[in-house]
Amino acid sequence: MLLSITNGSFVWLTEVPFSYFPQYVAFAPNIDQMHVVDHVKGQPSEEKRNVLTESARIARGNVKDLKDLKVSEFDAIIIPGTVWHYPNHGGFGVAKNLSTWATQGKDCSVIKPIEDAIRGFHDAKKPIGLCCISPVLAAKILPGCEVTVGSDKECDKWPYAGTAGAIEQLGCKHVNKQVHEVHIDAKNKLVTTCAFMSNSPLHEIFDGIGEMVKAVLKLS
């Protein structure tokens, strides 16, 4: 069985092609979102929303509270990232809701249920899949690991390449990969792909995420 954690923001569980999965359960933390964005105006609003409630909406209700996660019941974990490269759309859920990366960068904290989940799967030697911005979670929690968020050279295609430098500053290795590729850290059983860290066509992003899912399945 596979597990996915949603982050209750502008990323969607549909970012991960679940057709690859034999079985999965989605989890999310029962916490308030950092803020809510009006996607018509592209601006924060005064509205309050709950991450678990929003994740249930995205996943059509099939979501459990992250506090109830038991590593022993699953073969692997996948943590989707966020559709955050569209200007002012205010996604970035992993960096806003699962951690404080959005405001503190490499000096961020990670919420305890997420840290416990990543450490738990890592200690159990079970594979961990991470895409988009979520590889920074592994870089923060698992010193010395290898991940990719795409490229370390900033340009129109790679507007967030500075993230690679922050990963290196955390004592981890960043490996440059194209959007349709994955990096596998065999020692730590980590599979990462850049997804929406790149301004690339959606079908290429989808292909990269699909390769991540297939690699996680192969390791499980």
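Assorted remarks:
- Test for F10: is it open to solvent by 20 Å² or more (accessible area, probe 1.4 Å), at positive phi, under 15 Å from the mean Cα position of the chain (by Cα) and modelled with pLDDT under 80: no
- Against the conditions (1) assigned to a loop (DSSP other than H, G, I, E, B); (2) touching a helix residue (DSSP H, G or I) at 6+ places or on another chain (Cβ under 8 Å); (3) surrounded by fewer than 24 Cβ atoms within 10 Å (Cβ to Cβ); (4) modelled with pLDDT of 95 or more, G144 satisfies every one except (2).
- Just one of (1) open to solvent by 20 Å² or more (accessible area, probe 1.4 Å); (2) over 16 Å from L219 (Cα atoms); (3) part of a loop (DSSP other than H, G, I, E, B) fails for K125. It is (2).
- Residue within region 195-206 that is in a loop (DSSP other than H, G, I, E, B), under 17 Å from the mean Cα position of the chain (by Cα) and modelled with pLDDT of 95 or more present: no
- Within region 153-161, one or more residues are among the aromatic types (F, W, Y), over 17 Å from the mean Cα position of the chain (by Cα) and surrounded by fewer than 24 Cβ atoms within 10 Å (Cβ to Cβ).
- Scan of region 39-54 for residues that are open to solvent by less than 50 Å² (accessible area, probe 1.4 Å), part of a strand (DSSP E or B) and at pLDDT below 85, ordered by number: S45
- When we screen R57, R119 for residues that are at pLDDT 95 or above, more than 25 Å from H180 (Cα to Cα), open to solvent by 50 Å² or more (accessible area, probe 1.4 Å) and part of a helix (DSSP H, G or I), the only hit is R119.
- Of all residues making up region 27-38, the number that are out of contact with any Lys or Arg (no Cβ under 7 Å at 6 or more places or on another chain), modelled with pLDDT of 80 or more and among the aliphatic types (A, V, I, L, M): 2
- Of all residues making up region 162-179, the number that are open to solvent by 20 Å² or more (accessible area, probe 1.4 Å) and among the β-branched types (V, I, T): 1
- Cβ pairs under 7 Å, 6+ apart, first in region 45-72 and aliphatic (A, V, I, L, M), second assigned to a helix (DSSP H, G or I) and open to solvent by 50 Å² or more (accessible area, probe 1.4 Å): L66/P113
- Which numbered condition N97 fails, given (1) surrounded by fewer than 16 Cβ atoms within 10 Å (Cβ to Cβ); (2) within 21 Å of I78 (Cβ to Cβ); (3) at pLDDT below 95: (1)
- Breaking point among (1) touching a helix residue (DSSP H, G or I) at 6+ places or on another chain (Cβ under 6 Å); (2) closer than 19 Å to I79 by Cα; (3) in a helix (DSSP H, G or I), for A164: (1)
The values are calculated or read from the model by the stated rules, or taken from the named source; none is laboratory data. Just so it is clear, the structure is predicted and the values come from calculations on it, not from any experiment. In this analysis, Cβ positions are derived from the backbone assuming ideal geometry, glycine residues included, and neighbour counts consider all displayed protein chains. Calculation scope for accessible area: heavy atoms of the full protein, side chains included, ligands and nucleic acids excluded. Shrake-Rupley method; radii C 1.70, N 1.55, O 1.52, S 1.80 Å.
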